[in-house]
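I have placed the structure first, in the form of structure tokens, so that the comments after it can refer back to it.
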Amino acid sequence: MAEFDWTQLLDYALMGMLLAVGIAIVRLRNLFAAVMLMGVYSLLSAAWFVTLDAVDVAFTEAAVGAGISTVLMLGAMLLTAREADEVKAGRHWAALVVVLATGAALFYAIADMPAYGDPNSPANAYVGLDYIVSTPNEIAVPNVVTAVLASYRGFDTFGETVVIFAAGLGVMLLLGLGGQGRRRREDDET
């Protein structure tokens, strides 16, 4: 008798929660609640990536998706209404057509994907194979993807982090200075 795989059960539970939160986000009209649920969606995605042993992707999702995006959306929400406007029924159908066409294209592309875990797939055969073979000898990091991002491509990863930080800081400054500058001008005029 095969042993029960608790990780697979956890994956199904996380996917179910992601689906429930996604449906709730689409159904909400309160923008604050929608932004908060988007942060929850990102955290659930990060937890799912951890169960898939993609800790680097989980870290990025938690930092960018749940952290920076939520803060930026809350800052942008200060400049808008708190409730979403009614959407015409025609726009719902157009969105459904786009989603169905994209889903059909993705399912069509599945046939061209290599089998899961195929050692002869392009991802496992060329440069990827070199990293898998040399990482245990060169770097004391057990996860090959983390070793590539943190060591082999460390400067590139640092550069990407600086760009994301600078973009977030720029948006925060624009949102913050716009409100403060307006208040100062109004105070100076009176």
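The values are calculated or read from the model by the stated rules, or taken from the named source; none is laboratory data. The structure presented is a predicted model; accordingly, all values stated were derived computationally and were not measured. Backbone-built Cβ (ideal geometry, glycine too); neighbour counts: all protein chains shown.
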*Hey, Tyr108 over 21 Å from Asp53 (Cα atoms) and modelled with pLDDT of 80 or more or not*: yes
*asked:* Given the condition in contact with a Gly (Cβ under 6 Å, 6 or more places away or on another chain) and either free of Cβ contacts under 8 Å to residues at least 60 places away in the same chain or in a loop (DSSP other than H, G, I, E, B) (or both), answer yes or no: does some residue in segment 46-66 qualify?
replied: yes
*Any residue in segment 1-12 that's on the phi < 0 side of the Ramachandran plot and surrounded by 10 or more Cβ atoms within 10 Å (Cβ to Cβ): show its pairings with residues that are among the hydrophobic types (A, V, I, L, M, F, W, C) and modelled with pLDDT of 80 or more at Cβ separation under 8 Å, as long as the two are six or more apart or on different chains.*
Asp11/Trp48; Asp11/Leu52
*Kindly list the number of the only condition in (1) in a helix (DSSP H, G or I); (2) in contact (Cβ under 8 Å) with a residue 60 or more places away in the chain; (3) more than 16 Å from the chain's Cα centre (by Cα) that fails for Leu79.*
(1)
*Kindly state which helices (runs of 4 or more DSSP H) lie completely within segment 90-174 and contain at least 1 residues that are over 22 Å from the mean Cα position of the chain (by Cα), under 30 Å from Val26 (Cα atoms) and acidic (Asp, Glu).*
none
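For (1) farther than 30 Å from Ala20 by Cβ; (2) among the basic types (Lys, Arg); (3) surrounded by 10 or more Cβ atoms within 10 Å (Cβ to Cβ); (4) in contact with a Cys (Cβ under 7 Å, 6 or more places away or on another chain), each residue gets a yes or a no:
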{"residue": "Trp48", "(1), (2), (3), (4)": "no, no, yes, no"}
{"residue": "Gly65", "(1), (2), (3), (4)": "no, no, yes, no"}
{"residue": "Ala76", "(1), (2), (3), (4)": "no, no, yes, no"}
{"residue": "Thr102", "(1), (2), (3), (4)": "no, no, yes, no"}
{"residue": "Met113", "(1), (2), (3), (4)": "no, no, no, no"}
{"residue": "Tyr131", "(1), (2), (3), (4)": "yes, no, yes, no"}
{"residue": "Ser134", "(1), (2), (3), (4)": "yes, no, yes, no"}
{"residue": "Val141", "(1), (2), (3), (4)": "yes, no, yes, no"}
{"residue": "Arg153", "(1), (2), (3), (4)": "yes, yes, yes, no"}
*Output the number of residues of segment 156-190 satisfying the condition of being within 23 Å of Ser69 (Cβ to Cβ) and at pLDDT 60 or above.*
21
